[in-house]
Every structure is written in C-alpha cells, then in structure tokens.
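The values are calculated or read from the model by the stated rules, or taken from the named source; none is laboratory data. Just so it is clear, the model here is predicted, and its values are computed rather than measured.
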Amino acid sequence: MGVLILAPPITFLIFVAIFFAFSRGFSQYSHESPRGEGGLDPYACGQRDVRNYVNPDYSQFYPFAFLFTIMHVLVLVAATAPYDAPVLPVVFIAAGILCLIMIFKR
C-alpha cells in the first residue's frame, strides 16, 4: 500500500485533492468584488480605450533565448553523459551546431 501511494499519478491526485480542499475551505475568507460596468473588459494598466498602446515585439529576443537554452542543454547533456556512451553527447552537440546554423542563417 505504501508503494502505491508513492506512485507519481496517485501522489499527484492526492495533492490535487488537498489543494482543492484548501481552496474551497479558504474561499469563504476571500473578498467578493462587486460586478460593475467593464468588469470583463481587457485590462491595460488601469486605462480604458487605450489608443497609443504599445505592444512589445520580442521576435529579436527569441533567437538568443533559443541559443542559450540549446547551449545549456548541450552542456548539461555533455557533462552528465556516462563514460560508456560517447555517442549521446556527440549527437547532441551535432544537433546543437545544426540549431545554431539555423538560428543565425539569414
């Protein structure tokens, strides 16, 4: 029985039940805000009918985020690869080089 409780799906369901019970139990103490006009409107920093709203463009950031993610995973895999399996780090490093070529190809 103890081993069954420690199985990841069973443990997950137990924690979901605990958090659901706490959520329901403490909901009586939460503040109820009155439903007013515009209660379901989109929120833009407290402003209504924003004409000059600036939507930031992160498209130039994504290649660098992807680069650092790939490099961190490559270093992690290469550093923790078992000594008996030299093929795994080589495959990951080759895939990383291919990703770098695809990122910076214009």
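Name the single residue that is modelled with the highest pLDDT among those in region 1-30 being outside any helix (DSSP H, G or I) and under 29 Å from the mean Cα position of the chain (by Cα).
Looking at the filtered set, the residue picked out is Ala7.
Could you check how many residues of region 36-84 are of a type in the set (A, V, I, L, M, F, W, C) and either farther than 26 Å from Leu98 by Cα or modelled with pLDDT under 80 (or both)?
Of the residues in that region, 5 qualify.
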